[in-house]
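Written out below as structure tokens is the structure these notes cover.
The values are calculated or read from the model by the stated rules, or taken from the named source; none is laboratory data. These numbers were taken from a predicted model, which means no experiment stands behind them. Note that each Cβ is placed from the backbone with ideal geometry, even for glycine, and that neighbours are counted across all protein chains shown. Just so you know, the surface numbers come from the protein's heavy atoms only, side chains and all, with ligands and any DNA or RNA stripped out. Shrake-Rupley method; radii C 1.70, N 1.55, O 1.52, S 1.80 Å.
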Amino acid sequence: MSEDHALFIKKVAEKYGRDPTRLMDILLEVNARYGWFSEETIGHIGEAMDIPRVKIRDKISFYTFFSQKPVGKTVIRLSNSVVEKMKGAAEVARAFEDAVGVKFGETTPDGAITLTYAQCIGMSDQAPSALINHTPVGNLLPEDVGDIVEAIKNEEDISQLPQALIDVNLRRSGPVVFAPMDAGTAVRAALKMTPEQVIDEIKKSNLRGRGGAGFPTGKKWEACRNVKSDFRYIVCNADEGEPGTFKDRVIMSERANLVFEGMTIAGYAVGAEYGIVYLRGEYEYMLEDLKRILEERRKKGLLGKNILDKKDFNFAIRIQIGAGAYICGEESALIESLEGKRGAPRERPPFPVEKGYMNRPTAVNNVETLCAAARIMEQGADWFSTIGTEASAGTKLLSVSGDCSRPGVYEIEYGITVARFLKMVGAEHAIAAKIGGPSGRLVAPNDFDRTISFEDFSTGGSVIFFGPGRDLLTHMKQFTEFFVEESCGWCTPCRVGTTLMLKEFDKIIEGRATRTEIENIKKLGQTIKTMSRCGLGQTAPNPILTSMQNFPELYEAVIKPVDYIGTFDFAKAVSAGAEITGRKPHSDEEANL
Amino acid sequence: MAKPLIATQHLTSCFGCHMSILDIDDRILKLAKMVDFDRSPINDIKEFTWPVDIGIIEGGVSNDEHVEILKDFRKNCKVLIGIGSCAVANSVPSMRNTVPLKECLEEAYLNGPTIVDGGIIPNDEDIPILLDKVYPLHEVVKIDYFLPGCPPSADTIWNALVALLTGKELEFPYELIKYD
Ligand SMILES: Cc1cc2nc3c(=O)[nH]c(=O)nc-3n(C[C@H](O)[C@H](O)[C@H](O)COP(=O)(O)O)c2cc1C
Ligand code: SF4
């Protein structure tokens, strides 16, 4: 048995040339077979790869899809993000516990089923949702859970369940991403130009990154092209992990060709021959389709050597699957993960365009950015910059979830007001909108006349609506818990600060806070924002800070007009000591003020 | 006008913060001109003679007596300052916080490798009763100012006291509040 085990692992390692930078794929394959990593497995991997076990453990412990404890043959990951909670994840969780017979975090004694919670799995529009091994199921109702569990027990094909039919949920197509397309048109248009001209065209279009930071794409490509190097790389960031975002899911399922087109054009522009798509582990179910599309493109001469007979223009694309870590969406963490390591962000500078994947110049772009770049080749920069506003050219995909009657993906022109958008999605009664997901801001109705654009409310795409009666403070707490969980732990302000912030915030929610706690949180939030290395820490205080800014009345209502409220409980603190010594403590009363 | 009064106290700590107070060297003469000391281990006055203006506490709260002392300080001090890591964030004393009290005592007095012939857990009327954990000051009473550091340097303490006594803006050069 153990020999089999070792042999299998050796074969997997050899398949990837025992290349430590491909450790992620090796772990994924081993995980697919065993479901978890025993010390024995880790030992075999270490031997096969000739790397210390501790490095393997280091990697495994970082990603949620990897476990060092045995898990069931079927793992049910119920998403527990804020929107999912709003839509009844707790009731569905209870139904699963009843049907399976174990609690969340546990495995059935026969090793058949493990129940566990997951962060947002990119299905907020169809919440409550879960991943059953790699198959997503959505719109779960407590009463359906029995049948689902029955199907698992009978080893039926889960992807045939009615709940596994994922709605595309594309509610509004715009002229850029979701307009009709033909494979090859954009690449063909780009190849009529020189690489420099392609970059100039992208610069002229005013295209800015859609992944959140909004960096001008043309400038990024130019910087990447201008660094002297033997190799360059294009990376497509399809890790979307911001809770409430699922627009990249829809792009990858409906417009993968446009994404690959964009990557190929980026490769031509910056002088890269190799592109990698980093696809979040939660979207593994799309992998086969994506590989098929890549194969078709190869056959059509749109990938490979001398693309479309352009001499010396070679470009290949591979897809790297992630293993569940929000921070891997941060570009330098993503690159670390691509190199087979844990996904901890790097110090910047140097930026990826200087030293990225394999220390070579690398242009990392969001899925949506690459689509827009391809479309600009097709239709021209002038056309593109007429869409949207002057400072925000083009369209933006918004993933809409929460309290609205039409959740889904909308391709809107930049510059739309929140108020108009509310009507479009059926959220007229919203009391608040979280624009930009957890890391964005909580917007109050008096700001609904403002616009979604880089110059006003900038967003990577997540828009969550809260309807009347929602307890906003509790939801802000849940967003903050997300950051506590997902912090990679490198920076003390982010690792410790977010937890401290949560502790102070608990006092507020529980009505045990004074103005001091409010001031403490503001100061702490500022420290976390300014002292953290990457965007996660720099935005983690936003749910609480922006709710303080825009909903001060919620805080006024719960804080106490006294000078100080202690958290210390004398009777509880002294009881163990009193019991051990059999003595009566100094009474707290005597000392009381 | 009478000089402002200061009181100081140590709880669970190494006394290093008090050493750091003394480390202001000859400035202690200036301090003596500016203030009078009431209750303090430095002069061995064990009870408040009167309410004072400034109270300085080093160390964390780890037994019933500490709670009483701390509350007494809060009652008798207009301004209360926590100095040093133990007072502010518990630091070394709180290493026991992750272990239940009973296990801690048993390991120290009954089962530890240096115990010969059984051993007993000390228990006497004069020994205060330990709390389940060590607590930072601000969880028990309101603390007006914190001076972190292990210990805060003499200059930090001096700058803070002078600012407080003279009402001048507090200035900490970067080196004084950089801890790594
Ligand atoms: C914590 C964190 C998570 C991120 N997640 C994503 C993501 O899921 N997808 C994405 O495209 N960018 C994400 N980003 C932004 C990337 O670092 C990077 O800016 C982006 O991929 C660049 O592409 P663009 O210029 O096309 O937007 C994230 C950033 C941070 C700090
Ligand atoms: S800010 Fe947080 S997530 Fe980012 S590097 Fe620092 S600890 Fe890691």
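Things to note:
- Theoretical FRET efficiency, 1/(1+(r/R0)^6), r = Cβ-Cβ of A:Glu143 and A:Ala557, R0 56 Å, to 0.05: 0.90
- Along the axis of the charge dipole computed for region A:447-494 (Cβ charges of +1 for Lys and Arg, -1 for Asp and Glu, origin at the Cα centre), the listed residues A:Gly461, A:Phe448, A:Gly489 are led at the positive end by A:Gly489.
- Which of A:Phe8, A:Val277, A:Thr514, positive extreme of dipole for chain A (C-beta unit charges): A:Val277
- Here the scattering of chain A is modelled by Debye summation over its C-alpha atoms, one equal scatterer each and no solvent; at q = 0.05 Å⁻¹ the log10 of I(q)/I(0) is -0.23.
- At least 40 Å² accessible surface lost relative to isolated chain, residues of region A:570-587 (1.4 Å probe): A:Ala573, A:Ile580, A:Thr581, A:Arg583, A:His586
- The mean number of partner chain beta-carbon atoms within 10 angstrom of a residue's beta-carbon across peptide B:134-147 is 3.
- Helical content alone sets the calculated 222 nm signal of chain A at -13000 deg cm²/dmol, taking -39,500 (n - 2.57) per DSSP H segment of four or more residues and averaging over every residue.
- Share antiparallel - DSSP beta bridges, region A:74-167, percent rounded to 5: 55 percent
- The distance between label points at A:Glu254 and A:Glu97 comes to 3.8 nm (points 7 Å beyond Cα on the Cα→Cβ vector).
- Remark: spin-label model distance B:Asn43-A:Ser159 equals 8.3 nm, labels positioned 7 Å along the Cα→Cβ axis.
- Of all DSSP bridge pairs formed entirely within chain A, close to 45 percent run antiparallel.
- Gyration tensor verdict on region A:173-385 (Cα atoms; rounded if a/c is under 1.5, prolate if a/b is larger than b/c, oblate otherwise): rounded
- If R0 is 30 Å, the Cβ-Cβ spacing of A:Thr108 and A:Arg53 corresponds to a FRET efficiency of close to 0.50.
- Each peptide in A:369-382, A:149-162 gets a packing score, the mean of other Cβ atoms within 10 Å over its residues, and the list from highest to lowest is A:369-382, A:149-162.
- Of the GluC sites (Glu not before Pro) found in region A:489-583, the ones in coil according to DSSP and having at most 12 other Cβ atoms within 10 Å of their Cβ are A:Glu510.
- Burial ranking of peptide ranges A:416-425, B:165-174, B:51-60, B:38-47 (average Cβ count within 10 Å, highest at the top): B:51-60, A:416-425, B:38-47, B:165-174
- Where trypsin sites (Lys or Arg not before Pro) fall in DSSP loop in region A:170-244, at most 13 other Cβ within 10 Å: A:Lys192, A:Lys228
- Rolling a 1.4 Å probe over the protein heavy atoms gives chain B an accessible area of 54 Å² per residue.
- Cα centroid of region A:477-517 to Cα centroid of region A:205-266, whole Å: 33 Å
- Between helix A:492-509 and chain A: long-axis angle, C-alpha atoms, 0 to 90°, nearest 10: 50 degrees
- Note on chain A: with charges restricted to the Cβ of Lys and Arg (+1) and Asp and Glu (-1), its dipole about the Cα centre is near 1740 debye.
- Taking 25 °C and 0.890 mPa s as conditions, region A:395-466 diffuses translationally at an estimated 212 µm²/s according to Stokes-Einstein applied to its Kirkwood radius (Cα pairs).
- Mean Cβ neighbour count within 10 Å, used as a protection proxy, ranking B:30-36, B:146-152 highest first: B:146-152, B:30-36
- Span from the region B:72-89 Cα centroid across to the region A:311-325 one, whole angstrom: 59 Å
- For region A:467-593: Kirkwood Rh in Å [reciprocal of mean 1/r, alpha carbons]: 16.5 Å
- Using alpha carbons only: equivalent-ellipsoid semi-axes of region A:414-544, gyration tensor based, whole Å: 27, 18, 12
- Modelled label reach - A:Glu39, point 7 Å along Cα→Cβ, region A:5-26 residues with backbone N closer than 18 Å: A:6
- Solvent-accessible area lost on pairing A with B (1.4 Å probe, both sides summed) amounts to about 2100 Å².
- Prolate/oblate/rounded label for chain B (Cα gyration tensor, a/c 1.5): prolate
- Surface per residue (accessible, 1.4 Å probe) for region A:395-466, Å²: 28 Å²
- Size of charge dipole - region A:48-175 - debye, nearest 20, with Cβ of Lys, Arg +1 and Asp, Glu -1, no other charges: 760 debye
- Relative to the longest principal axis of the Cα atoms of chain A, the long axis of helix A:217-226 lies at roughly 70 degrees.
- Net charge dipole, region A:399-521: roughly 160 debye, given to the nearest 20, about the Cα centre with Cβ charges of +1 for Lys and Arg and -1 for Asp and Glu.
- Principal-axis analysis of the Cα atoms of chain A puts helix A:2-15 at an angle of about 50° to the longest axis.
- Alpha-carbon Rg/Rh ratio, for region A:2-62, with Rh computed the Kirkwood way: 0.90
- Label positions at A:Gln197 and A:Lys219, each projected 7 Å from the Cα along the C-beta direction, are separated by 2.6 nm.
- The mean count of C-beta atoms from other chains within 10 Å of the C-beta of residues in B:62-71, rounded to a whole number, is 5.
- Cα gyration tensor, region A:74-167 - rounded (a/c under 1.5), prolate or oblate: oblate
- Per residue solvent-accessible surface (Å²) - region A:126-173, probe of 1.4 Å: 51 Å²
- Placing a label point 7 Å from the Cα of B:Ala108 along the Cα-to-Cβ direction, the residues of region B:52-75 whose backbone N falls under 12 Å from that point are B:62-63.
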